[in-house]
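The values are calculated or read from the model by the stated rules, or taken from the named source; none is laboratory data. What you see is a predicted model; the values in this text were computed from it and never measured. Counting neighbours? That spans all protein chains shown, and the Cβs are built from the backbone with ideal geometry, glycine included.
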Amino acid sequence: MLAAVALAAVEIAAGAAHAQPAAAVTDPETKLAFLPTLGGATFERSASGPGRGTTYTYSTAKKLAITVQVFGGDRPVPAGSTNPVVVNEFSNELQSVEQEVNDSGYSHFERPSVPSSCSYGGVTFRCITYGALARGNARIYSKLLLTGYREHFVAIHIDWGQALQHSSADAEAALQAFIPALMR
């Protein structure tokens, strides 16, 4: 599910005009505040569904797409990125991502064999960057971050693409501004 949200977000960010700023939304479980603007990114929309948690979508002025998904309230999730519950969920998410990317018409899925650890502000995530070829042979990339936070999973994706002349440095700069603003 995360892959479909993440990879579709590149196309949304590339073509959508920014929505009018909405009122702040506070996730009832984690108490994370999803403000109209966070770290330079503008809130676009949110969606929720049974078993899927809630997904919050943002875009930056450079048309990078950032999605935050809060899920897993049916079981307590230990805090942090290195506990077995988060490590197992991260592995499951990666398997789902690869399957969804292939099923969505993207090709040449690539990712490192081992995830790493990424820190933004005071929060550490299990993370990995993957890429695939979209229609028209434009390469798109997504960075997946996952951690346990207030007994829930918090997954963040940032998406960028060659066609929009984005780089991994653009994505990192956006994450360095966005995540500390969200998770303070």
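Look at Glu110 and say whether it is over 17 Å from Gly53 (Cα atoms) and in contact with a helix residue (DSSP H, G or I) (Cβ under 7 Å, 6 or more places away or on another chain). Steps first, answer last, please.
Working: over 17 Å from Gly53 (Cα atoms): yes; in contact with a helix residue (DSSP H, G or I) (Cβ under 7 Å, 6 or more places away or on another chain): no.
Here the answer is no, as Glu110 does not meet what is asked.
Just wondering, is there one or more residues in the range 120-130 that are under 20 Å from Gly53 (Cβ atoms) and polar (S, T, N, Q)?
No: zero hits.
What residue, among those in the range 144-165 that are touching a helix residue (DSSP H, G or I) at 6+ places or on another chain (Cβ under 9 Å) and farther than 18 Å from Gly80 by Cα, is surrounded by the fewest Cβ atoms within 10 Å (Cβ to Cβ)?
Among residues in the range 144-165 that are touching a helix residue (DSSP H, G or I) at 6+ places or on another chain (Cβ under 9 Å) and farther than 18 Å from Gly80 by Cα, the one surrounded by the fewest Cβ atoms within 10 Å (Cβ to Cβ) is Ala163.
Looking only at the range 133-165, count every residue that is farther than 27 Å from Arg52 by Cβ and assigned to a loop (DSSP other than H, G, I, E, B) and tell me the total.
2
Quickly run through the range 126-184 and pick out the residues that are modelled with pLDDT of 95 or more and of a type in the set (Val, Ile, Thr).
Of everything in the range 126-184, those that are modelled with pLDDT of 95 or more and of a type in the set (Val, Ile, Thr) turn out to be Ile128, Thr129, Thr147, Val154, Ile156, Ile158, Ile179.
Given (1) at pLDDT 95 or above; (2) under 15 Å from the mean Cα position of the chain (by Cα), where does Ser46 come up short, assuming only one miss?
(1)
Residues Ala24, Ala33, Ala16, Ala41: which one is at pLDDT below 90, in contact with a strand residue (DSSP E or B) (Cβ under 9 Å, 6 or more places away or on another chain) and either closer than 30 Å to Ser167 by Cβ or surrounded by 14 or more Cβ atoms within 10 Å (Cβ to Cβ) (or both)?
On the way: Ala24 fails: either closer than 30 Å to Ser167 by Cβ or surrounded by 14 or more Cβ atoms within 10 Å (Cβ to Cβ) (or both); Ala33 fails: at pLDDT below 90; Ala41 fails: at pLDDT below 90.
Exactly one residue qualifies, and that residue is Ala16.
Test Gly131 against the criterion of being among the small types (Gly, Ala, Ser) and surrounded by fewer than 22 Cβ atoms within 10 Å (Cβ to Cβ), and give yes or no. Reasoning before the result, please.
Details: among the small types (Gly, Ala, Ser): yes; surrounded by fewer than 22 Cβ atoms within 10 Å (Cβ to Cβ): yes.
Judged against the criteria, Gly131 is a match.
Conditions (1) touching a helix residue (DSSP H, G or I) at 6+ places or on another chain (Cβ under 7 Å); (2) touching a residue at least 24 places away in the same chain (Cβ under 8 Å); (3) farther than 16 Å from Trp160 by Cβ, marked per residue:
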position	(1), (2), (3)
Thr57	yes, yes, no
Thr60	yes, yes, no
Val70	no, yes, yes
Asp74	no, no, yes
Asp103	no, no, yes
Ser119	no, no, yes
